[in-house]
Amino acid sequence: MKKRETIVAIMLCIAMLFTACGTDDKKDSVDAISEEQAYNAVINYNKAIGSGIDDEINTEGYTEYWDVSTNEDGKIVVLYRSYTAAQIRYYVDPVSGDAYVTELVPGIIDEEQETGETFNVRDYLDGDNS
């Protein structure tokens with residue numbers, strides 16, 4: 001009888017472990033970064049590093065804008081198009097928060113290239129990183 005109780009206890013433990021494994025997916029989806037959060041974090045990051053790129057669009061009539069979308073790979077893409085036509089893209093993994101930066105400057109850098117700049121947007125969600 002003792003052997004049977006031990007087997008039942010082991011089976012219950014295994015069942016509990018399998019149940020616990022399923023909760024990670026729910027946690028990841030709840031903690032996923034939204035497009036708005038990614039945009040705000042990129043703005044905060046640029047302010048923190050003093051890049052001169054922020055959410056204030058010039059009033060001199062130059063074509064300058066920000067855009068946020070999610071690409072087919074599920075990455076959030078925050079695009080900054082400067083008045084010089086340079087396109088800086090921040091690719092954000094919505095689960096991990098890891099981000100990398102690319103640059104495209106028509107007529108100078110005609111193919112999008114990684115800049116080597118990386119950061120985690122979760123470090124810049126609150127804006128207190130100046």
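Laboratory data are not the source of any read-out in this text; all were calculated from the coordinates shown. As the structure is a prediction and not an experimental result, all values here were calculated from the model. Backbone-built Cβ (ideal geometry, glycine too); neighbour counts: all protein chains shown.
Results, tabulated for the structure shown:
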| read-out | value |
| --- | --- |
| Ascending count of other beta-carbon atoms within 10 Å, so fewest first, for Ser69, Ser96 | Ser69, Ser96 |
| Most positive-pole-ward Cα, Val105, Gln87, Trp66, against dipole of region 32-124 from beta carbon charges | Trp66 |
